[in-house]
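Participant: The structure under discussion is supplied below as structure tokens; questions concerning it will follow.
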Amino acid sequence: MGPKLLQLCTLLPSTHDKLAAHYEVHQWPAEAAREEWLRDNASGVRAVVTGGHLGITNEMIDRLPDLGIVAINGVGYDRVDLDHAKAAGVRLTNTPDVLTDDVADLAVALMLNVMRRLPAADRHVRDGLWPHGPQALTRRASGRRYGIVGLGRIGHAIAERLAGFGGRIAYSGPNRKPVDHDYHADVAALAAKSDVLFVATAASAATRALIDRAVLDALGPEGVLINVARGSVIDEDALVAALAEGRLGGAGLDVFVDEPHVPETLLGLENVVLAPHVGSATRETREAMGNLMLDNLDAFFAGRPLPTPVV
Amino acid sequence: MSGRVRVLTLGDMGADEEKALGAHFDVVAAADAGAVGRDEAVRGIVTRGRTPINAALMDRLPNLEAVATISVGYDSIDVAEAVRRGIVVSHTPDVLNDEMADFTVGLLLATLRRFPAAERHLRAGRWRNGEEFPYSPSLRGRTVGIAGMGRIGGVIARRLEAFDVPIAYFARSPRPASPHTYHDSLLSLASACDTLIVVLPGGATTRHAIDAEILKALGPDGVLINVARGSVVDETALVEALQRGEILAAGLDVFADEPRVPDALLALEQVVLLPHVGTATHHTRGRMGQLAIDNVIAWFDGRDILTPVPECAGLDRRRPART
């Protein structure tokens with residue numbers, strides 16, 4: 001039996017099988033049973049596997065006295081207090097790069113699906129409306145001004161894909177990058193010069209509600225917002241109001257502030273495409289993420305350098 | 001409106017088209033060809049391309065000179081019969097290439113990443129109730145085959161190159177300028193790829209070109225995207241292949257008997273079904289309508305047709321204007 005490990009998130013069956021072959025895997029129980037579980041089992045837990053959207057609380061870290069590593073099966077680590085983990089002597093790993101392409105694909109897919117209203121078109125057919133008349137005309141997606149908030153790995157991959165659509169690409173972020181695209185230090189300035197604004201920045205205290213009413217108004221009634229980052233990067237109330245009042249043209253959202261809860265108003269809007277946080281949720285990518293997460297765990301317990309450490 | 005050339009419109013014209021046509025012609029409108037009786041005054045037709053223009057209709061319009069379809073495909077028109085009668089046929093190529101390419105990539109990604117189904121899952125409250133949406137297929141690791149490397153196919157390829165996926169294609173002859181792998185048959189292409197985009201022209205020669213054998217060659221991970229014409233795909237074979245898991249998924253903008261979509265397709269979760277909206281943006285529909293109208297205006301002004309179909313290339317020179 002390998003090291004004792006606590007699993008907080010769901011995993012692909014194939015990833016779970018590989019994990020179970022080398023670790024003593026314990027599933028995190030339902031809420032009512034957690035206190036008892038911790039009392040009886042906390043001792044000896046040396047590793048936690050969690051998702052980027054779940055992370056781990058400081059309290060949980062404190063209650064696992066033998067914890068050595070938290071392995072995130074995801075790229076985002078905004079739900080982990082890095083300073084606290086460091087102080088507790090806990091290593092933290094994530095799974096960058098392997099999900100970049102799928103998330104970038106999804107971002108461009110959202111843009112095309114919002115502007116051409118494809119899910120609404122599918123509803124038009126499935127609801128039997130087509131024989132009674134065509135779907136309303138939609139808007140062109142190519143040849144537009146595309147703004148990317150955060151030209152990191154995923155932002156860069158989005159830019160690569162957009163290069164095939166004959167538009168103009170600009171970006172914002174804390175630093176200018178060695179690329180040809182126009183740079184705006186200010187997000188509102190970028191939004192004012194964009195028809196479509198892609199949010200691909202990491203979530204942090206500095207980017208909390210970065211996309212606020214001023215940015216949305218700069219994007220304007222013809223503008224489209226795509227968010228594949230984290231819900232917290234956007235002032236969601238301001239976004240919902242802008243969409244409902246027609247001050248923003250449309251939105252494609254894969255992430256929300258309080259997942260899996262989606263603001264009720266969004267559900268009634270036709271100018272939005274809503275996805276249940278599936279940016280990296282393909283079989284191929286989840287398999288690759290699982291393998292990288294396992295590599296990190298194996299390296300930790302073998303005393304080798306971690307492939308993709310955060311802390 | 002005597003003195004003006006009479007033009008018949010078939011199918012819904014937009015407000016802009018009605019206005020532009022009304023400024024030049026004596027316009028009579030019909031929903032489809034079946035509603036048109038004998039009319040010796042009609043000299044031109046502007047059509048949406050969704051109703052057949054055949055010998056029987058041409059018999060009822062004995063003074064017909066020009067047919068302009070607001071579409072790039074012209075399989076709804078009996079062009080051989082038109083040529084025999086000296087009727088010039090025009091279409092609207094090129095102005096819709098970008099739109100079709102955007103749309104095709106959007107439909108491909110929506111099919112792979114199961115957007116409409118994911119939205120249904122979310123809007124029905126299933127995500128909120130703790131039910132994760134199943135992992136979807138990915139574009140990653142796929143090989144995309146393009147059946148029909150014409151103007152639109154070429155732009156689709158350019159878009160997809162930026163997604164860093166290998167691309168292969170079928171056409172009647174290799175495209176020397178294309179960096180992609182050429183296949184001289186549809187079967188060879190379907191065997192070599194797992195994602196097949198159909199942009200072949202409609203008509204008798206491509207009828208059911210995508211049949212059970214092609215779908216089987218595409219394989220159990222296969223994804224079929226049809227943005228061409230419903231007639232190009234054997235719809236019954238497609239439904240069976242999807243039901244049996246012989247292919248994985250399909251994204252369809254066109255159907256054999258539009259606007260009717262088979263119940264068997266509506267029952268499937270792994271298909272995206274769209275109401276023939278490939279070019280349906282304000283921008284492009286406007287340009288297509290304008291080009292079709294410019295064609296009939298040019299003809300009746302005594303100038304060359306701007307964009308005749310290739311079969312009418314010899315007819316596109318205006319005969320001496322009638323006075």
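The values are calculated or read from the model by the stated rules, or taken from the named source; none is laboratory data. Predicted model only: the values in this text are computed from it and were never measured. When we count neighbours, we look across all protein chains shown, and the Cβ atoms used for this are built from the backbone with ideal geometry, even at glycine.
Participant: May I ask you to list pairs of residues, at least six apart or on different chains, whose Cβ atoms are under 9 Å apart, with the first in segment A:101-120 being at the interface with another protein chain (Cβ under 8 Å from one of its Cβ atoms) and within 19 Å of A:MET289 (Cα to Cα) and the second being in a helix (DSSP H, G or I) and not hydrophobic (A, V, I, L, M, F, W, C)?
Facilitator: Sorted first by the residue in segment A:101-120, then by its partner, the pairs are A:ASP101/A:THR285; A:ASP102/A:GLU284; A:ASP102/A:THR285; A:ASP105/A:ARG161.
Participant: Looking at (1) at the interface with chain A (Cβ under 9 Å from one of its Cβ atoms); (2) under 19 Å from the mean Cα position of the chain (by Cα), which is the one condition that is false for B:LEU266?
Facilitator: Result: B:LEU266 fails condition (2) only.
Participant: Ok, one more. How many of the residues in segment A:256-273 are more than 13 Å from A:VAL240 (Cα to Cα), more than 7 Å from every other protein chain (Cβ to nearest Cβ) and surrounded by 14 or more Cβ atoms within 10 Å (Cβ to Cβ)?
Facilitator: Here the count works out to 1.
Listed here are the residues, each with its yes/no results for (1) buried (at least 22 other Cβ atoms within 10 Å of the Cβ); (2) over 22 Å from B:ALA82 (Cα atoms).
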residue	(1), (2)
B:LEU265	no, yes
B:GLU269	no, yes
B:LEU274	yes, yes
B:THR279	yes, yes
B:HIS283	no, yes
B:ALA292	yes, no
B:LEU306	no, no
B:VAL309	yes, no
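Participant: Right, here's the next one. Select from segment B:189-208 the residues that are over 11 Å from the mean Cα position of the chain (by Cα) and aliphatic (A, V, I, L, M) and list them in ascending order. It would help to see each step written out before you state the result.
Facilitator: Residues of segment B:189-208 over 11 Å from the mean Cα position of the chain (by Cα): B:189-197, B:203-208.
Hits for segment B:189-208 are B:LEU189, B:ALA190, B:ALA192, B:LEU196, B:ILE197, B:ALA204.
Participant: Filter segment A:223-257 down to the residues that are charged (D, E, K, R) and touching an Asp or Glu at 6+ places or on another chain (Cβ under 7 Å) and list them by number. Talk me through it step by step, then tell me what you get.
Facilitator: Taking segment A:223-257 as the starting set, the residues that turn out to be charged (D, E, K, R) are A:230, A:235-237, A:245, A:247, A:254.
Passing the criteria: A:ARG230, A:ASP235, A:ARG247.
Participant: Exactly one of (1) surrounded by 18 or more Cβ atoms within 10 Å (Cβ to Cβ); (2) more than 18 Å from the chain's Cα centre (by Cα) is unmet by A:MET289. Its number?
Facilitator: Of everything listed in (1) surrounded by 18 or more Cβ atoms within 10 Å (Cβ to Cβ); (2) more than 18 Å from the chain's Cα centre (by Cα), A:MET289 misses just condition (2).
Participant: Identify, please: which residue in segment B:115-129 is at the interface with chain A (Cβ under 8 Å from one of its Cβ atoms) and either closer than 20 Å to A:GLY143 by Cα or touching a residue at least 24 places away in the same chain (Cβ under 8 Å) (or both) and is, among those, surrounded by the fewest Cβ atoms within 10 Å (Cβ to Cβ)?
Facilitator: B:PRO116
Participant: Looking at (1) more than 21 Å from A:VAL278 (Cα to Cα); (2) out of contact with any helix residue (DSSP H, G or I) (no Cβ under 9 Å at 6 or more places or on another chain); (3) not polar (S, T, N, Q), can you tell me which one A:ARG140 breaks?
Facilitator: It is condition (2) that A:ARG140 fails.
Participant: Of all residues in segment A:157-183, count the ones that are within 14 Å of chain B (Cβ to nearest Cβ) and surrounded by fewer than 18 Cβ atoms within 10 Å (Cβ to Cβ). Don't jump to the end; show me each part of the working.
Facilitator: Let us first name the residues in segment A:157-183 that are within 14 Å of chain B (Cβ to nearest Cβ), namely A:157-167, A:169.
If we keep only those that are surrounded by fewer than 18 Cβ atoms within 10 Å (Cβ to Cβ) too, we end up with A:160, A:163, A:166-167.
Qualifying residue count, segment A:157-183: 4.
Participant: I need a count of the residues in segment B:130-144 that are within 8 Å of chain A (Cβ to nearest Cβ), buried (at least 17 other Cβ atoms within 10 Å of the Cβ) and free of Cβ contacts under 8 Å to residues at least 60 places away in the same chain.
Facilitator: Residues that pass the stated criteria total 6.
Participant: Of all the residues that make up segment B:66-108, how many are within 14 Å of chain A (Cβ to nearest Cβ) and crowded, with 24+ Cβ neighbours inside 10 Å?
Facilitator: So the count comes out to 11.
Participant: Any residue in segment B:148-164 that is of a type in the set (Phe, Trp, Tyr), touching a Ser or Thr at 6+ places or on another chain (Cβ under 9 Å) and either part of a strand (DSSP E or B) or at pLDDT 95 or above (or both)? Explain how you work it out, then say what you get.
Facilitator: Here is the first cut: in segment B:148-164, the residues of a type in the set (Phe, Trp, Tyr) are B:163.
Restricting the remaining residues to those that are touching a Ser or Thr at 6+ places or on another chain (Cβ under 9 Å) gives none.
No, segment B:148-164 has no match at all.
Participant: Another question about this same structure. For segment A:156-166, which residues satisfy the criterion of being under 19 Å from B:VAL105 (Cα atoms) and either assigned to a helix (DSSP H, G or I) or in contact (Cβ under 8 Å) with a residue 40 or more places away in the chain (or both)? Walk me through how you get there before you give the answer.
Facilitator: The initial filter retains those residues of segment A:156-166 that are under 19 Å from B:VAL105 (Cα atoms), namely A:157-166.
Matches in segment A:156-166: A:ALA157, A:ILE158, A:ALA159, A:GLU160, A:ARG161, A:LEU162, A:ALA163, A:GLY164, A:PHE165.
Participant: Next question. Give segment B:14-37 a look and list any residue that's surrounded by 13 or more Cβ atoms within 10 Å (Cβ to Cβ), modelled with pLDDT of 95 or more and in contact with a Lys or Arg (Cβ under 7 Å, 6 or more places away or on another chain), or say none.
Facilitator: B:PHE25, B:ASP26, B:VAL28, B:VAL36
Participant: Assess whether B:GLY11 counts as being surrounded by 14 or more Cβ atoms within 10 Å (Cβ to Cβ) and either touching a Gly at 6+ places or on another chain (Cβ under 8 Å) or under 21 Å from A:ALA136 (Cα atoms) (or both).
Facilitator: Working: surrounded by 14 or more Cβ atoms within 10 Å (Cβ to Cβ): yes; either touching a Gly at 6+ places or on another chain (Cβ under 8 Å) or under 21 Å from A:ALA136 (Cα atoms) (or both): yes.
So B:GLY11 passes the test.
Participant: Continuing with the same structure: Would segment A:91-100 turn up any residue that is surrounded by 16 or more Cβ atoms within 10 Å (Cβ to Cβ), more than 20 Å from A:CYS9 (Cα to Cα) and under 20 Å from the mean Cα position of the chain (by Cα)? Working first, answer last.
Facilitator: Keep residues of segment A:91-100 that are surrounded by 16 or more Cβ atoms within 10 Å (Cβ to Cβ), which gives A:91-96, A:98-100.
Then drop every residue that is not more than 20 Å from A:CYS9 (Cα to Cα), which leaves A:100.
From what is left, the residues that are under 20 Å from the mean Cα position of the chain (by Cα) are A:100.
Yes - at least one qualifying residue is present in segment A:91-100.
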